[in-house]
Every structure is written in C-alpha cells, then in structure tokens.
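> One structure, as structure tokens, below. Some questions next.
The values are calculated or read from the model by the stated rules, or taken from the named source; none is laboratory data. Because the structure is predicted, anything quoted here is derived from the model rather than measured. A quick note on method: Cβ atoms are made from the backbone with ideal geometry, for glycine too, and the neighbour counts reach across all protein chains shown. Heads up: the accessible areas ignore ligands, DNA and RNA and are worked out on the full protein's heavy atoms, side chains in. Shrake-Rupley method; radii C 1.70, N 1.55, O 1.52, S 1.80 Å.
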Amino acid sequence: MPDEAIGRSRGGLTSKVYLSCDGKGRPLSIVVTAGQRHESTQLEAVLDAIRVPRLPGAAGRRRKRPEHLLADKAYSYPSCRRLLRERGIGHTIPERRDQRERRMRRPGRPLSFDGTTYARRDVVERCVNRLKQWRRIATRYEKRAVNYRAIVIAALMIWLAS
C-alpha cells in the first residue's frame, strides 16, 4: 500500500524517513516513504512540507522556502539542482564522482562547492541523533507511516527544549 510507506529491500520490509531541519537542529519537515524510494525523488515533498510560522504580530504568510540547503551526494542530480534553482534556493551539494568525471570531459562552468559551508551539515545529523533518543524511532520497530508520524511528537519535544 502506498500510503502505508512499507517497501521491500534485501533486509525485508522497510520505511524511510526524510528530514529537513533549521540551523539550530530543529526539525522543519518530516516525510515517510517506502524503503526502496531514492532520496532524490523526495526532495520536492520535503521542501513542500516546510512551514515556518512568522513571529507573532508579523504580517505575511508562513515561509516555505529555506534560504540555503545543505544536502549530501544523494541529492546531487540535475533534477534536484533544477528544482532548487527554480525555487531560488541556494544550495551546497557535493558532486558525485561519476558527475565530476562526465563534467571533466566537456567544457562548461564547474559547480561551485564550499566545503566550509558543507561542514555545517552536521546539524542535520545531530537532529537525527536527538530523534533517535526515542526508542521506537531508533530501533525502527514501526513499519507503517501512521506509526512513524509519532516522530512529530519527538520533533515537538526538540522544539520545546530549544
């Protein structure tokens, strides 16, 4: 069932959690899919799930577009870069080796990559580790998307603590 987020892999039935967080390591959006889905296909869903409320009394609608995105090589596909460019989102994503080799064979402007900025990506890893403090998330007993939505409660606890 597609809405159950149960997928097949060599290890059996699995689910995958995609996460975006702010610069302080607080979760902004959480998307759950079947385990065989590739990260690059879920970038749009993760970005669409972001809703940053304005400060109390501030005019305007909720923000949906981050200023800058730090992502790993799983998101280094032309489709992901095109999506980010269309939305006007700056990004720091390392190139995969096969992309680098292909680019070296043809002329053109190289992709820019700032290693210092990319080093701040550890904030996401720390956010994931904080979420793993909740046993059912860490051990991944749950397989159904409905049960994974309990991650939202863990995310709220992180927001309240900060």
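> Counting only the heavy atoms of the protein chains, how much of LYS24 is accessible to a 1.4 Å probe, in Å² to the nearest 10?
140 Å²
> From a point 7 Å beyond the Cα of ASP72 in the direction of its Cβ, which residues of the range 24-52 have a backbone N at a distance under 12 Å?
39-40
> Follow-up. Can you compute the FRET efficiency between ILE6 and GLU86 using 1/(1 + (r/R0)^6), with r the Cβ-Cβ distance and R0 = 35 Å? Round to the nearest 0.05.
0.65
> Looking at the square roots a ≥ b ≥ c of the eigenvalues of the Cα gyration tensor of the range 4-120, which shape do they give, rounded for a/c under 1.5, prolate if a/b is larger than b/c, or oblate?
oblate
> Also, quick follow-up: In debye to the nearest 20, how big a dipole does the range 23-64 give about its Cα centre with +1 on each Lys and Arg Cβ and -1 on each Asp and Glu Cβ?
On the way: 9 positive and 3 negative charges, 74 e Å.
Its charge dipole is roughly 360 debye.
> Full-extension gain between ARG100 and ARG51, please, as 0.36 nm times their residue separation minus the C-alpha to C-alpha distance.
14.2 nm is the gain from fully extending ARG100 to ARG51.
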